[in-house]
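Asker: Structure in structure tokens, see below.
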Amino acid sequence: MLIFAIGVCKAAMAGGQLEPVMPPPELPAATEAVGVWLLLRSFAAGCTAMTGVEAVSNGVSAFKEPVVKRAHHTLGAICAVLGILLAGIAYLTHAYGIGAMDQTQGGYQSVLSQLAGAVVGRGAHYYVAIGSVLCVLCLSANTSFVDFPRVCRLVAQDDFLPRPFAAVGRRLVFSVGIVSLSIAAGILLIVFGGITDRLIPLFAVGAFLTFTMSQLGMVAHWRRELGMARNARERHQHRASLAINLTGTVITGSSLGIIIIAKFMEGAWITIVLIPCVILLLLAVKRYYRELDSQLREDGPLDLRGMEPPVVLVVTEGWNRLTDRALNFALRLSPDVAAVHLTALAGPDVDENRQELRRQWSKDVERPAKEAGLQPPQLVLLQAPYRRIQAPYCSSSRLPRETILAV
């Protein structure tokens, strides 16, 4: 704002002889006359400056009471600042002879960079201004990482996205949505070579399609409210609101059509193709969850058939305190307990005394179990010649095929 004020004052005092502190690059010769097509393209490019105001509606829940009043004031302030910025840029770029440069060419400068250099030069004021622009851009980029996961959460709650999108992560944010957005943004920047001008058509089509749909939804809302109005005053208020949203629908819809036509070959076609594909993907996710829920749904009573106790499997290296406690716990769960000892696990050169283990098992395990009136746990010896623990359990035919609970 300070740079704009200085520039406007210099332009007003120059009397037609305005000298920039840092002359901007010379403008190239015009390649076409001002016509309807050029005006449409300029209108489409200018409309993208309106995108971003939706962050207020997406973040209404963050306002204090009265929520609606505070949101109105914030949206009004954003529109006022936006109008001042656009008017100031339009006036000063014309006064200083500044034009947009091709980002693919060397020595590229943004319009704001050229404008700041022309008004205050390349001193401290210039770097403060450009630094402030960088901060604003970082903050504006943050709104996507706040709002996109919230939208994904709402969609996932209706089963049109995978349900992890609705789950809060360890940092109390919707981590899946944030990570997905980060990956998608990185891919777009890589594909388009980091040139943001090429990304504007993709964003503009989606944003103005959203604007048009939201305005159309409000038209349907006020028509419904108009039919339930209780007196003439309410009908008058609803008609006024209906007229405002209907006007907004026509304006944003027209803007959307102009953007699609003017920016079609510059990348707008990608969004037009991608949106139906995304809708089909959402419907496929919804169909998957509908089929999954139908398979999991059980309206009958609890099935108590086949309530035999499970076979409890205790893996043991030998008779020790750990095996003692494991067998005690296993016998509380089921009378059918099997202890498995793997042989040759330490290698073929290690001699294991299997007979000693069986003798000790018979003395310290089977005899006390019989005296207590319990079925003695059986000892199963399995070969593990390849020193793999899980392989003998999966391939052995000596273990029962019923449900096994490992302890």
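Since every read-out is calculated from the coordinates, none of them should be taken as a lab result. Being a predicted model, the structure only gives us computed values, none of them experimental. All Cβ positions, even for glycine, are placed from backbone atoms using ideal geometry, and neighbour counts span all protein chains on display.
Asker: Fewest to most neighbouring Cβ within 10 Å: what's the order for K10, K263, K69, K64?
Answerer: On the way: K10 19, K263 23, K69 10, K64 6.
Least crowded to most crowded, the residues run K64, K69, K10, K263.
Asker: Order by neighbour count: F208, F63, fewest other Cβ atoms within 10 Å first, most last. Don't jump to the answer; show the numbers that get you there.
Answerer: On the way: F208 25, F63 15.
By the 10 Å Cβ count, ascending, the order reads F63, F208.
Asker: Something else about it: So what is the relative contact order of region 217-287, in percent, for Cα pairs below 8 Å that sit 6 or more residues apart?
Answerer: On the way: 20 pairs, mean separation 16.0, N = 71.
Computed over region 217-287, the figure is 23 percent.
Asker: Something else now. So who's got an amide H within less than 5 Å of the one on T343, skipping anything under 5 residues away but keeping other chains? H placed 1.01 Å off N, in plane.
Answerer: Those qualifying (amide H under 5 Å, at least 5 residues apart or on another chain) are L382, Q383, A384.
Asker: Let me ask something additional. Give the relative contact order (percent, whole number) for the chain; include only Cα pairs under 8 Å separated by 6+ residues.
Answerer: Details: 378 pairs, mean separation 52.8, N = 407.
With pairs under 8 Å counted, the relative contact order is 13 percent.
Asker: Next question. Going toward the positive end of the dipole of the chain, with +1 on Lys and Arg Cβ and -1 on Asp and Glu Cβ, which of S255, A80, H94 do you reach last?
Answerer: The residue sitting most towards the positive pole is A80.
Asker: Place a +1 charge on the Cβ of each Lys and Arg in region 1-107 and a -1 charge on the Cβ of each Asp and Glu, then give the dipole magnitude about the Cα centre in debye, rounded to the nearest 20.
Answerer: 440 debye
Asker: Report, for the chain, the % of DSSP beta bridges that are antiparallel, rounded to 5.
Answerer: On the way: 0 of 13 bridges.
The antiparallel fraction comes to roughly 0 percent.
Asker: Follow-up. With Cα extents along the principal axes in Å as the read-out, I listed [x] 71, 55, 49; [y] 99, 59, 36; [z] 113, 66, 41; which label goes with the value calculated from this structure?
Answerer: Checked against the structure: label [z].
Asker: Which of V285, V53 comes first, and how do the rest follow, when ranked by fewest Cβ neighbours within 10 Å?
Answerer: On the way: V285 18, V53 15.
Sorted ascending by nearby Cβ count, the order is V53, V285.
Asker: Compute, for the chain, the length of the dipole vector about the Cα centre, with Cβ point charges of +1 (Lys, Arg) and -1 (Asp, Glu) only. Units Debye, rounded to 20.
Answerer: Details: 37 positive and 30 negative charges, 183 e Å.
Dipole about the Cα centre, nearest 20: 880 debye.
Asker: As a test of the formula, what do you get for the chain when each DSSP H run with n ≥ 4 contributes -39,500 (n - 2.57) and the sum is divided by the residue count, at 222 nm and rounded to the nearest 500 deg cm²/dmol?
Answerer: Details: 14 runs with 240 residues, N = 407.
-20000 deg cm²/dmol, from helical runs alone.
Asker: Among all the lysines, which ones have a C-alpha under 24 Å from K64's C-alpha, if same-chain residues fewer than 8 places away are not counted?
Answerer: Within reach: none.
Asker: Place the peptides 175-184, 268-277 in order of packing, highest mean first, counting for every residue the other Cβ atoms within 10 Å and averaging per peptide. Walk me through the numbers on the way to the answer.
Answerer: On the way: 175-184: 15.9, 268-277: 13.8.
Averaged packing, sorted descending, gives the order 175-184, 268-277.
Asker: Have a look at A243, S334, L115 and report the one farthest towards the positive end of the charge dipole of the chain, computed about the Cα centre with Cβ charges (Lys/Arg +1, Asp/Glu -1).
Answerer: Result: A243.
Asker: Please name whichever of L357, P20, P310 sits farthest to the positive end of the charge dipole of the chain, dipole taken about the Cα centre and charges placed at Cβ: Lys and Arg +1, Asp and Glu -1.
Answerer: After comparing all options, I get P310.
Asker: If you put +1 on each Lys and Arg Cβ and -1 on each Asp and Glu Cβ, how big is the dipole of region 146-230 around its Cα centre, in Debye rounded to 20?
Answerer: 260 debye
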